[in-house]
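Chemist: Following this message is one structure expressed as structure tokens.
The values are calculated or read from the model by the stated rules, or taken from the named source; none is laboratory data. This structure is a prediction, so every number in the text was calculated from the model and none was measured. When we count neighbours, we look across all protein chains shown, and the Cβ atoms used for this are built from the backbone with ideal geometry, even at glycine. These accessible areas exclude ligands, DNA and RNA; they are computed on the full protein's heavy atoms, side chains included. Shrake-Rupley method; radii C 1.70, N 1.55, O 1.52, S 1.80 Å.
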Amino acid sequence: MAKAKRSFYRSFKENLTGYMFVLPYFCFFGLFTLYPILQGFFMSLTERDIFGFDIRFVGLKNYAQMLTDQRFWTALKNTASFTLMDVPTNVVLAILLATLLNRHFRGKEISLSMVFFPRLLSISVIAFIWLWLYEPEWGLLNHYLSFLGVGPISWLRNPSVALRAVVVATVWWTVGNNVVLFMAGMQQIPTEVYEAAELDGSVGLHRFFRITLPLLRPTAQFVVIMQIIASFQIFGQVNIMTGGGPAGATRVLVQYIYETGFSYFEMGYAAALSYILFLLIMVVSVIQLVWLRER
Amino acid sequence: MKRKILVFLVLACVLMTASTAMAKTVSITFRDLFSGPDSDLMDEMVAKFNELHPHIHVERQLTTWDNYYDQLQLAIGSGQAPDLAVVHTRWLPAFAARNALVPLDEYVQKAGLSSEAFIEAAWNGGFYKDVQYGIPLDIIVSVVLFYNEDLMAQAGIENPPTNMEEFISYAQQIQEKTDAWGVILPGGYAAYRNFFSTLYQAGASVVNEEGTAANFNNDAGRAALQFWVDLYHKYQVAPLDVTQPLEAFRLGRGGFYVDGVFNSPGLDAQEDLNYGVTTIPAFFNNNRSFFANSHNFVIPRQRRLDPEKVEAAMEFVNWMVRNTHNWSAVPSLIEVTETEEVLNSARGQVLEQLPDLVYPPALIDIGRVETAIQEAMEAALQGDIDVATALERAEAEVNSILGR
């Protein structure tokens with residue numbers, strides 16, 4: 001017993017420098033991440049508003065309340081459909097653009113900048129750009145669609161179209177980020193592999209599907225997970241472009257959490273909703289990691 | 001001689017100390033949500049007050065209106081509240097019931113503010129359960145009729161409509177004789193305010209007098225909602241899909257626009273737009289009720305309440321309500337509404353309609369109640385469900401919220 005204690009002490013002493021190096025990070029992590037996470041969980045077990053002058057412990061009541069809260073289920077459904085539309089579109093488009101841009105051609109830098117540029121703008125700017133583009137009567141989108149004999153389409157005021165319209169705006173905003181990641185991944189594939197493949201007669205699409213794509217898997221895995229996490233947390237676009245409407249058709253989870261906390265004064269319930277969102281993201285990420293590792 | 005000088009010096013010292021003590025200024029922080037031209041006006045008013053009152057210094061803390069309430073709630077919750085803030089009548093009960101505001105009764109009396117001097121409905125909006133928490137600065141006319149004078153002239157219409165029949169037939173005429181829509185209508189919460197106004201015109205209300213049950217799932221409520229649905233689907237004089245309605249009206253795409261009077265600055269920016277503003281028609285029963293709101297001065301709950309600061313804040317409030325001659329909204333003080341500046345401005349036109357103003361009901365869960373009604377209303381306006389189903393759905397949800 002004494003020996004174990006001494007060896008622990010010794011190893012601690014030996015690694016002291018290392019601990020010291022990570023200490024500043026852990027201080028901030030503890031203060032700004034760990035503490036809020038724990039505090040948030042405690043909050044989710046109470047009935048309170050943001051003022052916090054009257055806090056009642058209610059156990060798991062907030063979590064039980066979700067079962068019968070129609071708005072929560074609709075928000076969950078909307079978030080899931082947004083994720084299911086956003087992630088595949090985003091990833092496929094990013095791989096496609098990365099492949100096109102990962103060659104030597106004149107105007108490569110300009111093209112890459114154009115793809116990446118939207119990412120530099122803040123979400124409110126993006127939302128307002130698309131509000132104008134989506135304007136059904138004089139917006140650019142319907143104007144050009146009318147040449148094709150399509151429309152006019154009610155992009156944001158039609159409940160069955162609005163969420164899809166938000167997806168398009170989001171993909172435009174975020175795809176550049178993923179293009180850069182995929183291009184980095186492509187550049188890490190050793191040229192010898194391609195040369196060997198070429199000798200074996202693999203070119204064009206065959207080469208893309210048999211070599212590029214499989215070797216991109218680590219990058220793709222990373223991009224998909226990050227994209228899913230980001231999609232689950234979608235808020236800004238919805239809040240500005242539709243405010244969750246029409247008739248709640250674009251109210252996503254974070255939007256509902258925000259409304260619950262700040263407009264309905266139900267901070268405890270909002271904390272519980274946040275925890276469910278946290279668990280959802282965690283479960284999906286873990287499943288994905290395990291599944292991809294097994295293969 | 002030396003002695004005289006000494007006495008003089010001592011006296012001078014005493015006097016100087018006394019005068020610095022007398023000139024000790026009380027600093028108070030004031031947080032509001034005004035933006036654009038309103039913000040500039042507010043800056044001017046605060047600067048003038050500070051100039052005239054050397055013993056008080058009001059420091060204005062600027063917050064943008066779209067996250068004003070989030071920040072105010074956080075500030076109060078963390079004990080960092082400003083000494084004075086602004087809360088709309090709509091949100092005042094929600095804040096007061098949650099102990100976020102300081103009761104003002106004793107300070108109001110001390111400051112010499114009295115109910116008789118104010119427009120009654122505005123004054124009453126500062127109360128929750130018979131305790132005063134707010135003093136109204138103004139009255140915001142949140143639903144008015146904007147009309148495009150050029151389009152009306154093209155359609156041969158002289159005066160803006162005053163009732164439902166005129167409104168519909170004028171809209172149809174504009175649509176027939178010009179390229180524009182008859183009416184442009186806003187969506188979201190602005191649409192709720194419009195529906196709210198017709199609800200009261202038709203004889204219904206959001207909740208009953210006791211605030212215990214919904215009072216709109218009835219003939220009057222159905223007629224009110226049906227009217228807005230019909231504009232889109234039966235008469236087809238309004239576009240359902242417009243996403244930026246104010247812009248649409250600004251660009252001359254519609255003859256009429258129904259929204260809050262605070263949209264005027266955005267319209268004034270368009271030089272070739274000739275428009276007028278008037279109260280909304282009496283769509284029902286010759287009744288011109290409309291949704292109104294007020295900016296109330298409130299003292300947010302402090303970690304430690306400093307009576308000196310509260311008194312300074314009250315002096316500021318007392319001065320502010322008396323100096324709203326050039327403010328953009330209707331003054332809350334009767335005396336100011338009778339001045340030339342107000343009578344000759346656009347606000348003067350609204351004055352005779354003041355008996356028709358209706359404030360949102362004093363409910364602590366106003367946010368949830370309004371969401372329930374707004375969402376059902378939107379589904380009906382889209383044509384997804386009929387009016388009766390929409391109101392039944394909203395009624396059930398509102399009653400369950402009120403019953404909690």
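Chemist: May I ask you to list the residues in the stretch B:213-227 that are under 19 Å from B:THR371 (Cβ atoms) and either away from chain A (no Cβ under 14 Å) or open to solvent by 30 Å² or more (accessible area, probe 1.4 Å) (or both)?
Modeler: B:ALA213, B:ALA214, B:ASN215, B:PHE216, B:ASN217, B:GLY221, B:ALA224
Chemist: Looking at the stretch A:80-97, is at least one residue within 14 Å of chain B (Cβ to nearest Cβ), more than 16 Å from A:MET267 (Cβ to Cβ) and open to solvent by 60 Å² or more (accessible area, probe 1.4 Å)?
Modeler: Within the stretch A:80-97, none of the residues are within 14 Å of chain B (Cβ to nearest Cβ), more than 16 Å from A:MET267 (Cβ to Cβ) and open to solvent by 60 Å² or more (accessible area, probe 1.4 Å).
Chemist: Say whether the condition of being under 15 Å from the mean Cα position of the chain (by Cα), farther than 30 Å from A:GLY139 by Cβ and among the hydrophobic types (A, V, I, L, M, F, W, C) is met by at least one residue in the stretch B:272-290.
Modeler: yes
Chemist: Further question on the same structure: Tell me, which helices (runs of 4 or more DSSP H) wholly within the stretch B:338-404 include 3 or more residues that are more than 14 Å from chain A (Cβ to nearest Cβ)?
Modeler: Values: elements: B:340-343, B:346-350, B:366-382, B:387-402.
Here the list reads B:340-343, B:346-350, B:387-402.
Chemist: For the structure I just gave you, tell me whether B:THR89 is surrounded by 21 or more Cβ atoms within 10 Å (Cβ to Cβ), of a type outside the set (Asp, Glu) and closer than 30 Å to A:TYR258 by Cα.
Modeler: yes
Chemist: Given the conditions (1) of a type in the set (Gly, Ala, Ser); (2) crowded, with 18+ Cβ neighbours inside 10 Å; (3) not in a helix (DSSP H, G or I), report the number of the one that A:ALA75 does not fulfil.
Modeler: Every listed condition holds for A:ALA75 apart from (3).
Here's the yes/no breakdown for (1) in the same structural domain as B:LYS48 (by TED's automatic domain parsing); (2) modelled with pLDDT under 90; (3) crowded, with 17+ Cβ neighbours inside 10 Å; (4) of a type in the set (A, V, I, L, M):
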site: B:ARG301; (1), (2), (3), (4): yes, no, yes, no
site: B:PRO307; (1), (2), (3), (4): yes, no, no, no
site: B:GLU311; (1), (2), (3), (4): yes, no, no, no
site: B:GLU315; (1), (2), (3), (4): yes, no, yes, no
site: B:ARG322; (1), (2), (3), (4): yes, no, no, no
site: B:VAL330; (1), (2), (3), (4): yes, no, yes, yes
site: B:LEU333; (1), (2), (3), (4): yes, no, yes, yes
site: B:THR339; (1), (2), (3), (4): yes, no, no, no
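Chemist: Run down A:ILE153, A:ILE225, A:ILE123 and say which single residue is within 14 Å of another protein chain (Cβ to nearest Cβ) and within 20 Å of A:ASP86 (Cα to Cα).
Modeler: A:ILE123 is the lone residue from the list that is within 14 Å of another protein chain (Cβ to nearest Cβ) and within 20 Å of A:ASP86 (Cα to Cα).
Chemist: Here is a list of conditions, (1) open to solvent by 50 Å² or more (accessible area, probe 1.4 Å); (2) away from chain B (no Cβ under 14 Å), and A:TRP132 meets all of them except one; can you say which number that is?
Modeler: Of the numbered conditions (1) open to solvent by 50 Å² or more (accessible area, probe 1.4 Å); (2) away from chain B (no Cβ under 14 Å), the odd one out for A:TRP132 is (2).
Chemist: Evaluate the stretch A:264-273: report whether one residue or more is among the aliphatic types (A, V, I, L, M), open to solvent by 60 Å² or more (accessible area, probe 1.4 Å) and more than 18 Å from B:THR371 (Cβ to Cβ).
Modeler: Of the residues in the stretch A:264-273, the ones among the aliphatic types (A, V, I, L, M) are A:267, A:270-273.
Retained after the next criterion (residues that are open to solvent by 60 Å² or more (accessible area, probe 1.4 Å)): none.
Checked the stretch A:264-273: no residue is among the aliphatic types (A, V, I, L, M), open to solvent by 60 Å² or more (accessible area, probe 1.4 Å) and more than 18 Å from B:THR371 (Cβ to Cβ).
Chemist: Kindly evaluate B:VAL102 against the criterion of being under 30 Å from A:ARG48 (Cα atoms), in the same structural domain as B:VAL310 (by TED's automatic domain parsing), crowded, with 16+ Cβ neighbours inside 10 Å and touching a His at 6+ places or on another chain (Cβ under 6 Å).
Modeler: no
Chemist: Looking at the stretch A:35-54, which of its residues are open to solvent by 80 Å² or more (accessible area, probe 1.4 Å) and more than 16 Å from A:LEU273 (Cβ to Cβ)?
Modeler: Within the stretch A:35-54, A:TYR35, A:LEU38 meet the criteria.
Residue by residue, here is whether (1) open to solvent by 20 Å² or more (accessible area, probe 1.4 Å); (2) within 14 Å of chain A (Cβ to nearest Cβ); (3) aromatic (Phe, Trp, Tyr); (4) part of a strand (DSSP E or B) holds:
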{"site": "B:TYR200", "(1), (2), (3), (4)": "yes, no, yes, no"}
{"site": "B:VAL206", "(1), (2), (3), (4)": "no, no, no, yes"}
{"site": "B:GLY211", "(1), (2), (3), (4)": "yes, no, no, no"}
{"site": "B:TYR235", "(1), (2), (3), (4)": "yes, no, yes, no"}
{"site": "B:PRO239", "(1), (2), (3), (4)": "no, yes, no, no"}
{"site": "B:GLY252", "(1), (2), (3), (4)": "yes, yes, no, no"}
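Chemist: Still on this structure: Taking B:PRO360 as the residue in question, decide whether it is on the phi < 0 side of the Ramachandran plot and surrounded by fewer than 19 Cβ atoms within 10 Å (Cβ to Cβ).
Modeler: Details: on the phi < 0 side of the Ramachandran plot: yes; surrounded by fewer than 19 Cβ atoms within 10 Å (Cβ to Cβ): no.
Criteria not met by B:PRO360.
Chemist: Moving on to the next point. Before we move on, is A:ILE240 under 19 Å from the mean Cα position of the chain (by Cα), open to solvent by 40 Å² or more (accessible area, probe 1.4 Å) and within 14 Å of chain B (Cβ to nearest Cβ)?
Modeler: Taking the combined requirement at face value, the residue satisfies it.
Chemist: Inspect all residues belonging to the stretch B:116-125 and state whether any of them is surrounded by fewer than 21 Cβ atoms within 10 Å (Cβ to Cβ) and assigned to a loop (DSSP other than H, G, I, E, B).
Modeler: No.
Chemist: Right, another one. Which one is modelled with the highest pLDDT, of the residues in the stretch B:288-299 that are in a loop (DSSP other than H, G, I, E, B) and farther than 18 Å from B:ASP38 by Cβ?
Modeler: From the stretch B:288-299, those in a loop (DSSP other than H, G, I, E, B) are B:288-289, B:294, B:299; that's our starting set.
When the remaining residues are screened for being farther than 18 Å from B:ASP38 by Cβ, the result is B:288-289, B:299.
Numbers: B:ARG288: 92, B:SER289: 93, B:ILE299: 97.
Once the filter is applied, the top-ranked residue is B:ILE299.
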